[in-house]
1. State the extension gain, in nm to one decimal, for the chain segment bounded by M162 and M41, taking 0.36 nm per residue of separation less the distance between their alpha-carbons.
2. Within 10 Å of each candidate Cβ there may be at most 14 other Cβ atoms; applying that plus a DSSP loop requirement, which GluC sites (Glu not before Pro) in the stretch 155-244 survive?
3. Listing R130, R12 from the residue with the fewest other Cβ atoms within 10 Å to the one with the most, what is the order?
4. Could you calculate, for the chain, the ratio of the Cα radius of gyration to the Kirkwood radius, expressed as Rg to Rh?
5. Please arrange S50, S206 by how many other C-beta atoms lie within 10 Å of their C-beta, fewest to most.
6. Just tell me which lysines come within less than 24 Å, Cα to Cα, of K125; anything on the same chain fewer than 8 places away is out.
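Derivation of every value follows stated rules applied to the coordinates shown; laboratory data play no part. Worth saying up front: this structure is predicted, and the values here are computed from it rather than measured. Note that each Cβ is placed from the backbone with ideal geometry, even for glycine, and that neighbours are counted across all protein chains shown.
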Amino acid sequence: EIEHYPSKLPHRVTTKGERVPARAETFVEMQKRFSIAGNVMRNLDGCGYSEPTAIQTVGIPILAEGRDLAAVSPTGTGKTLAYLLPIFARLKTPVSSQEDRPGVRAVIVAPTKELAGQIYNEAQKLAQGRKWRIVLFSKATAATLKDPSVRGKVDIIISTPMRLVASIQAGDIQLDRVQVLILDEADRLLDPEFASQVEEIVGCCSNPACQKAVFSATLPAKAEKTVLNMMNDPIRVVVGLKDT
Ligand code: ADP
Ligand code: MG
């Protein structure tokens, strides 16, 4: 068990790409720049998050400005919030409060049910106080999406590759209007076990404006090449502990 809080240790941050958005050193600066909703800010406070971690200072501005991102940062450095906060910022208001039926607006793919569940819990904490429609994909929740009135209005789906592909193949879900696609623990998602399913999911997020980002603790060169190939004008960020 690690006693220290890894994100508080000094970090070395490397970024590569064109026109990289400036870092934001505080959540208040992020709120000003990206008009993050007041209740999301309060929920951050409720989580006890007073200042962003290194990957959050760099990654949140990049994603909030709509850029594609391949981010590598060690385990325990707050990668989940680095993509969840920009999703809430970009979606702005819950689909339940809107007239139109945009289908699924954001998708997060994770390699295991356990990890998907943790991401869901984190998303729920940020969502508190507003009627965001966030779906943790399982057999049961996937079945509810057979109802067109349900699948017409989904803010965020969190799923393993297999579950999501099963619903796509059954025709229960369309991803052609997805605005944000996140692959978490991307190195594992590119393992032979998942690679073809992930490729299918990426292909189904066919909106040319769909933002894509991957997060991982490690990203071998071959995997990095694969993810950069599915992106548009991407930015790469690597966070390393200073003493490594
Ligand atoms: P990673 O995905 O990089 O392994 P997580 O997103 O699981 O890291 O976050 C690790 C822990 O740090 C979680 O318990 C999370 O709640 C906490 N955490 C994330 N961001 C912050 C922050 N800005 N301040 C304090 N704790 C944070
Ligand atoms: Mg993680």
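1. Roughly 40.2 nm would be gained on extension.
2. Hits after loop and neighbour filter: E193.
3. R12, R130
4. With Rg and the Kirkwood Rh in hand, the quotient comes to 0.94.
5. Working: S50 9, S206 12.
Lowest to highest Cβ neighbour count: S50, S206.
6. K8, K32, K79, K92, K113, K139, K153, K212
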